[in-house]
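What follows is a single structure, written as structure tokens, with notes after it.
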Amino acid sequence: MSIYVLRLGHRPARDKRVTTHLMLAARAFGASGALYTGTRDQSLEETVRKVRSDWGGSFSVEYAEDWRRTIREWKRRGKVVHLTMYGIPLQRTIQAIRGNLSEKLVVVGGAKVPGEVYGLADWNVAVTSQPHSEVSALAVFLHELFEGRELERAFDGARLRVIPQERGKRVEASKPV
């Protein structure tokens, strides 16, 4: 099952680090790619592409001009999950979401999520009903969706990889071919 993330309303001056972290979490926790709306940010796109180049995988990043069109087009091929603190608790919806094998678009908000998103989503899901970060909501959602298997995922084509150890940091670079 392919998972893509749609970040609504990116504002480079205000959201640069949050949107970057959201995409990095999406990649690390098993999503295939991310789209974003709001203001186009070439720097954001380049940062994510650089991480993919260094750390491997095939994660894609793309700007989407119109969130409504993006969600409606997505619904023709898959399902839409909207992460919101106002939705049905994750623990009550995750089995149904996991059981549906179609591609998924996971929508996460920015400044103010338009009410229309709630009606377009197949599932409005709450990862707690308390205010918190869209990055943490996405990470918890993907972790539950993949039942922890994403933590053991290997990324093909990685130039860099961490060598786990109890203390210190060790990163190994692949040798050029």
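For region 119-135, residues that are under 18 Å from ARG92 (Cα atoms) and either among the hydrophobic types (A, V, I, L, M, F, W, C) or loosely packed, with under 13 Cβ neighbours inside 10 Å (or both) total 8. Residues being farther than 21 Å from VAL117 by Cβ and in contact with a helix residue (DSSP H, G or I) (Cβ under 6 Å, 6 or more places away or on another chain) are entirely absent from region 62-82. Within region 10-52, the set of residues being under 18 Å from SER136 (Cβ atoms) and of a type in the set (A, V, I, L, M, F, W, C) comprises VAL18, LEU22, MET23, LEU24, ALA25, ALA26, ALA28, PHE29, ALA31, ALA34.
Just one of (1) of a type outside the set (A, V, I, L, M, F, W, C); (2) closer than 17 Å to LEU6 by Cα; (3) in contact with a helix residue (DSSP H, G or I) (Cβ under 6 Å, 6 or more places away or on another chain); (4) modelled with pLDDT under 95 fails for LYS112. It is (3).
Just one of ALA158, ALA173 is farther than 30 Å from LEU90 by Cβ and either exposed (fewer than 14 other Cβ atoms within 10 Å of the Cβ) or touching a Cys at 6+ places or on another chain (Cβ under 8 Å) (or both); which is it?
Only one candidate qualifies: ALA173.
Of the residues screened, ARG170 is not one that is more than 27 Å from HIS10 (Cα to Cα), of a type in the set (Lys, Arg) and in contact with an Asp or Glu (Cβ under 7 Å, 6 or more places away or on another chain). With respect to GLY30, is the statement that it is more than 21 Å from VAL127 (Cα to Cα), touching an Asp or Glu at 6+ places or on another chain (Cβ under 6 Å) and touching a residue at least 40 places away in the same chain (Cβ under 8 Å) true? Against the criterion (more than 21 Å from VAL127 (Cα to Cα), touching an Asp or Glu at 6+ places or on another chain (Cβ under 6 Å) and touching a residue at least 40 places away in the same chain (Cβ under 8 Å)), GLY30 does not qualify.
With the condition kept exactly as written, say whether any residue in region 80-92 is over 17 Å from SER32 (Cα atoms) and among the β-branched types (Val, Ile, Thr). Scanning region 80-92 turns up at least one residue that is over 17 Å from SER32 (Cα atoms) and among the β-branched types (Val, Ile, Thr).
Take the residues in region 101-118 that are buried (at least 19 other Cβ atoms within 10 Å of the Cβ) and outside any loop (DSSP other than H, G, I, E, B), then tell me which one is farthest from the chain's Cα centre (by Cα). Among those that are buried (at least 19 other Cβ atoms within 10 Å of the Cβ) and outside any loop (DSSP other than H, G, I, E, B), it is VAL117. The strands (runs of 3 or more DSSP E) falling completely within region 119-177 that include 2 or more residues that are at pLDDT 90 or above and more than 21 Å from GLY87 (Cα to Cα) map to 160-162, 171-173.
The values are calculated or read from the model by the stated rules, or taken from the named source; none is laboratory data. The model shown is predicted, which means the values in this text are computed figures rather than measured ones. Ideal geometry is used to build each Cβ from the backbone, glycine not excepted, and the neighbour counts take in all protein chains shown.
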